[in-house]
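The values are calculated or read from the model by the stated rules, or taken from the named source; none is laboratory data. These numbers come from a predicted model, not from an experiment. Reconstructed Cβ throughout: ideal geometry from the backbone, glycine too, with neighbour counts over all protein chains shown. With ligands, DNA and RNA removed, areas are computed over all heavy atoms of the protein, side chains included. Shrake-Rupley method; radii C 1.70, N 1.55, O 1.52, S 1.80 Å.
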Amino acid sequence: MRAWWLSGALALMFWAQGAVAGTLLVVGDSISAAFGLDSRQGWVALLEKRLEDEGFEHSVVNASISGDTSAGGAARLSALLAEHKPELVIIELGGNDGLRGQPPAQLQQNLASMIDKSQSAGADVLLLGMRLPPNYGARYTTSFAQVFADLAEQKKVPLVPFFLEGVGGVPGMMQADGIHPTESAQAVLLDNVWPTLKPLL
C-alpha cells in the first residue's frame, strides 16, 4: 500500500512539474516565419533552443504566415487559442498593414481585438512593435508607431518598442529586398525580445 502511495505521489509530482510549462504561441508575419531562410534559422527556432538551454520546458508554436496582416491574425486567432491553449501569445503583426498604407486606427482595432481574445483565453500577451521607413512620411510613420505604444499602455501588456532594432536598415542585416532580415539578424531579433519575454515565463 505504501509503495502504491509513493508511486502515485511521484507520478503526481512529475505531472505537476510538466503542467507548469505552457505553450508560447507566436502569431506573426514573414519576419517570424523566417521568409527567405530555412525555418530552423529563424528567431522563433532560436527561441526554442534558448528556452531549452536555460532550462525552460515551454513548447513553442509558430503560427506566423508570410504576408499576413493584423486583420488576418485577428481572424485566425480564436482557432489558434482553442487548439493550442497558450500560456503566452506573442503578437508580431502590423508591418504589412503599414507597407500597404492601411489606416493606423484599423491596425489598432485589430491588435486590440487580438489582445482581448488572448487575455480572455487566459493567456498573457507580448506585443512586438514595428516602425516604418521614413519614405512613408513623418505623419503616417509616427501614427503607425504610436499604435503599439498606445495599446501597451491601454491594455497593460509588455511591449518591445521596435522588434527590428539594430536590424532594420542596417547593412548586412537585411536581405536583398530590404524588407526581410538575414540569417545573421535572427539572433539580434531574439535578443531584442528576450529581456521582455523572460520575466513572463
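Give me, ordered by chain and number, the residues 5 or more places off Val60 or on other chains with an amide H under 5 Å from its own placed amide H.
Long-range HN contacts for Val60: Leu24.
For each pair in Lys117/Lys155; Lys85/Lys117; Lys49/Lys198; Lys49/Lys85; Lys156/Lys198, compute the distance between the two Cα atoms and list the pairs where it is over 19 Å.
Long pairs (Cα-Cα over 19 Å): Lys49/Lys85.
Angle, helix 138-155 long axis vs. longest principal axis of the chain, Cα atoms, 0 to 90°, nearest 10?
20
Set the Förster distance to 30 Å, then compute FRET efficiency between Gln154 and Ser66 from the Cβ-Cβ distance, nearest 0.05.
0.55
Treating the angle as unsigned and between 0 and 90°, give the value, to the nearest 10°, between the Cα long axis of helix 186-197 and the longest Cα principal axis of the chain.
So the inclination is approximately 60 degrees.
Starting from the Cα of Tyr140, move 7 Å in the Cα-to-Cβ direction to define the label point; list residues of region 146-177 whose amide nitrogen is under 15 Å from there.
146
With label points built 7 Å along Cα→Cβ from the Cα atoms of Ser59 and Asp177, find their separation and express it in nm.
3.0
At 1.4 Å probe size, with the rest of the protein present, what percent of the exposed accessible area of region 51-112 is carbon and sulfur atoms?
After summing per-atom areas, the C and S share lands at 51 percent.
Starting from the coordinates of the alpha-carbon atoms of the chain, obtain the Kirkwood hydrodynamic radius over all distinct pairs and give the value in Å to one decimal.
17.8
May I ask you to compute the full-extension gain from Phe162 to Leu201, defined as 0.36 nm times their residue separation minus their alpha-carbon distance, rounded to one decimal in nm? If you can, show how the numbers build up before the last one.
Details: separation 39, 0.36 × 39 = 14.04 nm, distance 2.09 nm.
Gain on extension, Phe162 to Leu201, equals 12.0 nm.
What list of ³J(HN,Hα) values in whole Hz, one per residue of region 174-183 in order, does the Karplus curve 6.51 cos²θ - 1.76 cosθ + 1.60 (θ = phi - 60°) give from phi, with Gly and Pro shown as x?
Result, ordered by residue: 10, 5, 4, 6, x, 10, 9, x, 7, 4 Hz.
Taking θ = phi - 60°, what integer Hz values does the Karplus form 6.51 cos²θ - 1.76 cosθ + 1.60 yield along region 68-82, in sequence order, with x for Gly and Pro?
Each residue of region 68-82 in turn: 5, 10, 5, 5, x, x, 5, 5, 9, 5, 4, 5, 5, 5, 5 Hz.
Working out 0.36 nm times the residue gap between Asp191 and Gln119, then minus their Cα-Cα distance, what length gain in nm do you get to one decimal?
23.4 nm is the gain from fully extending Asp191 to Gln119.
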